[in-house]
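Worksheet for the structure shown next.
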């Protein structure tokens, strides 16, 4: 999972663009002065330096998106013991692990070794599940829900499986109505799905980042829906429209997984549409401006006589 602060990215691109125009333009002016004094040899040397500097600016511009921090884990199971290791480049804060009991409620994994409040990259945390694994319904997949916070205090949820279910070949139709996800029953019966379980950690939006962190609470129990009732399945995902893990139980007893993505990209649920568009197109705009700057620099570096010759050749080719 990669992330990068959009404001920081904008400032970096802005600074690089300013560098291209101010620094390189200064080199062009100095080069013109030196050319009149020292001749064409200095002109070519300065031209090479300017082109190299502009190329480095473009490389730096493209490289800004490749240094985002990552947050991820490797998980190993040994009976009722669970070991997780931070495989990312960023630390995780206030991590808690949850497994399901016989009543399909989340129970916190007891920590045996490690610091759950701060897990640095490469560090591990060992724990033991509460009350042992269940062997009915969704319990057969033995899901493990990880809840953690990043540096900004934003809550993040990841789901792992001790026995991973296969992906549902024909996903059930899903429709969002603001903070509610509705799963249609039309495709459930033909696929002989008897029960569905919805796992979600409701997300209320970025306004929570302005408030103190709450004490660690148990996540909401999975929503259980029996399709023989003939009604659709409804799941509350919060104002931020969090995603949902749907686990479908077939009549034969096998489990199939369907993932409903977030309704919003995190941090965008309270941002005007025009600003979202500007952010999505930020890199394209920056690259276009940088390319335009290089074109202007290149034209400025060509001697007037040579430029007139090139333009005359293009005009002749067009007429031909």
Distance (nanometres) between label positions extended 7 Å along Cα→Cβ at residue 224 and residue 178
2.9
Between residue 309 and residue 287, 0.36 nm times their residue separation minus their Cα-Cα distance comes to what?
5.0 nm
Fewest-first sequence of 138, 104, 259, 193 by Cβ atoms within 10 Å of each Cβ:
259, 104, 193, 138
What does the highest-first list of 212-225, 150-163 look like by mean Cβ count within 10 Å?
150-163, 212-225
Computed D for the stretch 166-270, Stokes-Einstein, Kirkwood radius over alpha-carbon pairs, 37 °C, 0.692 mPa s, to the nearest µm² per second, is 224
Gain on full stretching of the segment that runs from residue 74 to residue 154 - 0.36 nm per residue minus C-alpha separation
26.7 nm
Simple spin-label model, 7 Å along Cα-to-Cβ: residue 104 to residue 170 in nm?
2.4
Return the FRET efficiency for the residue pair residue 214, residue 187: r is the Cβ-Cβ distance, R0 is 25 Å, and the value is rounded to the nearest 0.05.
0.05
Fewest-first ordering of 166, 81 by Cβ atoms within 10 Å yields 166, 81
In Å, the Kirkwood hydrodynamic radius from C-alpha pairs for the stretch 98-151 sits at 12.4
Using the Cα atoms of the stretch 71-164 to build a convex hull, what is its mean projected area in square nanometres?
5.5
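A short reminder: the numbers here are calculations on the coordinates, not readings from a lab. Everything quoted here is computed from the prediction, not taken from an experiment. For neighbour counting, all protein chains shown are included, and Cβ atoms are generated from backbone atoms with ideal geometry for every residue, glycine included.
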